[in-house]
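Q: Dumping the structure here so I can ask a few things about it.
The values are calculated or read from the model by the stated rules, or taken from the named source; none is laboratory data. Fair warning: this is a prediction, and the values are worked out from it, not measured in the lab. All Cβ positions, even for glycine, are placed from backbone atoms using ideal geometry, and neighbour counts span all protein chains on display. With ligands, DNA and RNA removed, areas are computed over all heavy atoms of the protein, side chains included. Shrake-Rupley method; radii C 1.70, N 1.55, O 1.52, S 1.80 Å.
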Amino acid sequence: MIDQLISEGEKLQHQIKQGTVGKYLNGVDFEAWVAKTILFLEKNHKDSSLTEKALVKNKELSQRSSVHTYEFLLGTLKAIKESA
């Protein structure tokens with residue numbers, strides 16, 4: 001599952017757009033990937049501080065913070081994979 005989430009996340013990188021205020025990511029594919037990633041973290045790493053941080057970032061998700069949230073979640077998935 002984690003490999004699939006990482007792969008899906010990496011494919012989203014080409015969807016990052018440049019706006020007037022900075023880079024952003026949006027769309028159904030991005031939202032679905034974020035949701036699946038959050039569900040994975042909640043199910044498999046419930047008590048982790050990274051899961052808690054992901055939940056906060058998800059609540060605060062906006063167009064302005066979308067690329068930062070994307071990078072955080074993809075980095076978290078990669079770190080979990082490497083530490084396993």
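Q: Taking a cut-off of 12 Å between Cα atoms, list the aspartates and glutamates near Lys81, but don't count ones fewer than 8 places away on the same chain.
A: Asp3
Q: Please state the charge dipole magnitude for the chain, taken about the Cα centre, from unit charges on C-beta atoms (+1 on K and R, -1 on D and E), reported in debye and rounded to the nearest 20. Please list the in-between numbers first.
A: Working: 12 positive and 11 negative charges, 37 e Å.
Magnitude of the dipole: close to 180 debye.
Q: Anything over 19 Å Cα to Cα? Flag those among Lys11/Lys46; Lys36/Lys57; Lys36/Lys59; Lys43/Lys78; Lys11/Lys78, in the order listed.
A: Working: Lys11/Lys46 26 Å; Lys36/Lys57 14 Å; Lys36/Lys59 15 Å; Lys43/Lys78 17 Å; Lys11/Lys78 14 Å.
From Lys11/Lys46; Lys36/Lys57; Lys36/Lys59; Lys43/Lys78; Lys11/Lys78, over 19 Å: Lys11/Lys46.
Q: A follow-up question, please. With unit charges on the beta carbon (Lys/Arg positive, Asp/Glu negative), name the residue among Gln18, Thr51, Leu5 whose Cα is farthest towards the positive pole of the charge dipole of the chain.
A: Positive-end residue among those listed: Gln18.
Q: Same structure again: Rank these by accessible area, largest first, 1.4 Å probe: Thr76, Thr20. Working shown, then result.
A: Working: Thr76 10, Thr20 145 Å².
Ranked from most to least accessible, the order is Thr20, Thr76.
Q: Counting each DSSP H run of 4 or more residues in the chain as -39500 (n - 2.57), what helix-only mean residue ellipticity at 222 nm follows after dividing by all residues, to the nearest 500 deg cm²/dmol? Walk me through the intermediate numbers first.
A: Working: 4 runs with 57 residues, N = 84.
Result for the chain: -22000 deg cm²/dmol, rounded to the nearest 500.
Q: Among Ala84, Ser66, Ile38, whose Cα lies farthest out toward the positive end of the dipole of the chain, if unit charges sit on the beta carbon of Lys, Arg (+1) and Asp, Glu (-1)?
A: Highest projection toward the positive end goes to Ser66.
Q: How big is the chain in terms of Cα radius of gyration and Dmax, in angstroms?
A: 12.3, 40
Q: On to the next question. What net charge do the residues around Ile6 carry, taking every other residue with its C-beta under 11 Å from that of Ile6, with Lys and Arg at +1 and Asp and Glu at -1? Show your work: numbers first, answer last.
A: On the way: positive: Lys11, Lys78, Lys81; negative: Asp3, Glu8, Glu10, Glu82.
Local net charge: -1.
Q: Checking the cross-link filter: which aspartates and glutamates have an alpha carbon closer than 15 Å to that of Lys53, excluding same-chain neighbours under 8 positions apart?
A: Within the straight-line limit of under 15 Å, Lys53 reaches these aspartates and glutamates: Glu42, Glu71.
Q: Another question, then. For a test of the definition: using alpha carbon positions, the gyration tensor, and the 1.5 limit on a/c, classify region 1-44 as rounded, prolate or oblate. All intermediate terms of the calculation are to be shown ahead of the outcome.
A: Values: a/c = 3.02, a/b = 2.05, b/c = 1.47.
In terms of gyration-tensor shape, prolate.
Q: Next question, about the same structure. Which angle from 0 to 90°, rounded to the nearest 10, does the C-alpha axis of helix 49-59 make with the longest principal axis of the chain?
A: Compared with the principal axis, the helix lies near 30 degrees.
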